[in-house]
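Everything below concerns the one structure shown next.
No lab work stands behind these numbers, since they all come straight from the coordinates. All of these numbers come straight from a predicted model, not from anything done at the bench. Note that each Cβ is placed from the backbone with ideal geometry, even for glycine, and that neighbours are counted across all protein chains shown.
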Amino acid sequence: MKRFFISILTVLTAHAMMAQGWPANYGGVMLQGFYWDSYTDTNWANLESQADELSQYFDLIWVPNSAYAGSLSNNMGYHPVYWFDHKSAFGTEAQLRSMINTFKQKGTGIIEDVVINHRAGVSNWVNFPAETYKGTTYQLGLADICKDDECKDNGYTPTGAADTGQNWGGARDLDHTGQNVQKNVNAYLDFLLHDLGYVGFRYDFVLGYAPKYVGQYNKTAQPQFSVGECWENYNTIVSWLNGTKQDGAIQSAAFDFPTKYNINDVFSTASNWSKLDNSALATNSTLARYAVTFVDNHDTGRQGESPLHANVEAANAYILTLPGTPCVWLSHWKGFKTAIKKQVLTRKAAGINNESQILTKQASSNGYVLNVQGTKGSVLLVLGTAEMPTGNWKLAVEGVNYKMYVSSNVDISALDNVKEDAFDVPACAVVNEGETCAFFEAPTSYTDVKCWAWDSANNYTGGTWPGVPCTKVGTNKGKNVWKWTYTGTLTSQPTGIIFNGSFGQTDDQPFKNGGYYNEAGALQGVVTGIRPVTAATARGPLKVYTADGRLLQTIPDGASVSEALDGLPHGLYIVNDKKYAK
């Protein structure tokens, strides 16, 4: 009997641990695998095609709500109509299942963006569909809509209880006090986990209903991971976390918006370093387990809230040193991939996890020093121009305004395998010597592209919004390539850039000279030192390499670059140490 009792106790304890919102001592890193309107770039098939690379660095990937939201184009899914039909603007349900399974086989779990605060009707405000799952039909009606929802003023009579949180005007607020809503939500979450294969949930707009319902739903569903979007201040988020408790245990993590706000205050100017000591989840030893840290996301980036510009790389180094679970935004991954790869590997090499101990954190007038103990060693992050502490440290990765070190016992040999990421530079993207410029790849429907570039003291594009027209220089894979070139005399480089026109405008982005930006404004790579073949002078001997460094041929003395590339297909080549676009 005693052995039986202990076994039962062990099972119950393990069950309770799983129910607590986010694993203890978790060393994984998360990727937000989309940005606003990234339908083409992050459709399920395209994400799946990157599984080999992404799974080397990310243990979790958060994707948009995959349930059908009434349209298969230009719809991010935040007003879902169906809960059990998962075709969307990002792909078919079959493609979704394939993507989830491919990542699962490589050890990476997919997090679903769950929208249960509100729901949209099929053809009017309130006609929710009937759906069947495991032989049971589920449907919501007027009795499941909060009685104070705005539909009451538009010809409908909702009869649910009063809203237990904030109102959302874009769709019908659901009454989570009601048994039918709870029954529907529980079935939906079961379907996500046990049919589609998601490993956890990112709960959208959790301020829209009382936190205890997230706790109840998670206690029933048992996701491995749960994080709430409680877009608020420190005290409100702590209150929300405590509000999810079931049987005395917090049932969900939360996005660490306080850390995000501290990052905005500090990294926008590379000053005010003491603000990194303001209250945050990740720096609270009791709450760090439930902190999902981030630098930007689809909302803060889309709204142009983030003023980080040139310090994006340093800000990511900060969250990848802190306790908590860091969530890297896809736009930052694409723009700073090589550095972020090294930062992630450094974190993992030292064994930093969501409950790691902060050994020291010290602000000075010119920087900040953060030292965090992992299971395999410690990471020391030196921000700005702060004085390097004494000790036996070795440099892992560095960039603008940061250096990331590890203790001497940490094996960082894996960083040696990280190579500078190349991107497919179209032949029309040419940067002449001494030129300050940027490129924008956009759909052919974008016919009036302008550029706005700036730093804290100057504007480099005319001084009057919306800036100056760009020049269409060619095409690449069915899209037009536009170029902005600065024509004045530079005393410094811009730090930020936006492309705009009748299509709207991109997000604020860090400026990099020769930067190649996609239609969402995300930096894809940098075109550096590329010269048109026609501008090349005669030289020799010449060694001709492919763009990835493979030697093609050696040309004797007296030949020109044009002659050296004669007969080769159009593309990017390296001749001796210079890049040329043919």
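Results, tabulated for the structure shown:
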quantity: Residues satisfying the stated conditions in region 402-428, i.e. closer than 23 Å to Y516 by Cα and of a type outside the set (D, E, K, R); calculated: V418, A422, F423, V425, P426, A427, C428
quantity: Wholly within region 85-177, strands (runs of 3 or more DSSP E) carrying at least 3 residues that are among the hydrophobic types (A, V, I, L, M, F, W, C); calculated: 109-114
quantity: Helices (runs of 4 or more DSSP H) completely within region 291-384 that count 3 or more residues being aliphatic (A, V, I, L, M) and closer than 17 Å to S55 by Cα; calculated: 337-350
quantity: Residues of region 492-504 satisfying the condition of being in contact (Cβ under 8 Å) with a residue 24 or more places away in the chain, out of contact with any helix residue (DSSP H, G or I) (no Cβ under 8 Å at 6 or more places or on another chain) and of a type outside the set (S, T, Y); calculated: Q493, P494, I497, I498, F499, N500, G501, F503
quantity: Top-ranked residue of region 132-150 - restricted to ones that are buried (at least 16 other Cβ atoms within 10 Å of the Cβ) and out of contact with any Asp or Glu (no Cβ under 9 Å at 6 or more places or on another chain), ranked as nearest to P80 (Cα to Cα); calculated: L140
quantity: Single unsatisfied condition, T40 versus (1) in a loop (DSSP other than H, G, I, E, B); (2) in contact (Cβ under 8 Å) with a residue 12 or more places away in the chain; calculated: (2)
quantity: Residue list for region 455-491, restricted to those being under 19 Å from G501 (Cα atoms) and assigned to a loop (DSSP other than H, G, I, E, B); calculated: Y460, T461, G462, G463, T464, W465, P466, G467, C470, Y486
quantity: Residue list for region 496-517, filter: buried (at least 19 other Cβ atoms within 10 Å of the Cβ) and in a loop (DSSP other than H, G, I, E, B); calculated: T506, D507, D508, F511, K512, G514
